[in-house]
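We did not get these values from a lab; they are worked out from the coordinates using the rules stated. Note that the coordinates shown come from a computational prediction; the quantities given were computed from them, not determined experimentally. Heads up, the Cβs are rebuilt from the backbone with ideal geometry, glycines too, and the neighbour counts pull from every protein chain shown.
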Amino acid sequence: MSAEHTATATSLRSAGVMLAFAVVFTLAMAATYRFALPDIEAAREAAKMKLVDAVLPPGRYDNRPLDDSVTIGATPELGLRDGGRIYRARRAGEDVALIVEAAAPDGYGGRIELLVAVGEDGRIAGVRVTGHSETPGLGDYVDPRKDRNKKAPWIDQFRGRGPERAGDLKLKKDGGEFDYHVGATISARAVTGAVARALAWTRAHASELYSAPAGSRL
């Protein structure tokens, strides 16, 4: 066998070994993922429930909001370009609150994702930032995990606000009642505006949102 044929055979064997290794590795990774999938899904659900409980105390409802939800399409009023989900909280079968995914598209660092809970009485039960790119140490105080004031986080100002004072859901410098950090107003203004719009939209669609079948798309 010539040197050229030997080299070709060696290359083919090496390629075959590499292909076999790639196939085995891919199958092993797929098997590992399938094995770990229940744990991954459980972790995702736990993270979602932690956020739900942050905007609405668990003692106020006795159902599973993650299982009692509806999907909505693109909704500009909520800042949702690709749609989102609405979770329903109930107690003894009675409506308690709607937990709405929303977003502020105009944060200083870009899009700020939110979770807003609106009680059956039309008042805000709680708000949390679920994703953002605001400047660390400056505008990121809108996220209670980053806010240095742990006893009274900035975002807790929304709790209890209702329709009778919807016009006050603005920063003080814009004629409203919300405090802000000097030099970092853009983030706060974006969140405040997004929450005000989410409150108005949720109240306007509350009846439809509560009555829609679980798992349906509106």
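For L98, L115, which order do you get if you count the other beta carbons within 10 Å of each Cβ and list the fewest first? Let's see the in-between values first.
Working: L98 26, L115 23.
In increasing order of surrounding Cβ atoms, one gets L115, L98.
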Quickly work out the E120-to-K173 label distance, labels modelled 7 Å from Cα along the C-beta direction, and quote it in nm with one decimal.
4.1
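Below 8 Å, C-alpha to C-alpha, sequence gap of six or more: please give me the relative contact order for the range 49-135 in percent. Show your work: numbers first, answer last.
Values: 183 pairs, mean separation 21.5, N = 87.
Result for the range 49-135 is 25 percent.
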For 126-133, 79-86, 203-210, ranked highest to lowest by mean beta-carbon neighbours within 10 Å, the order is 126-133, 79-86, 203-210
Assuming R0 = 35 Å, what is the FRET efficiency of R217 and V182, from their Cβ-Cβ distance, to the nearest 0.05?
0.20
Longest to shortest principal axis, alpha-carbon extents of the range 56-211, angstrom:
46, 32, 27
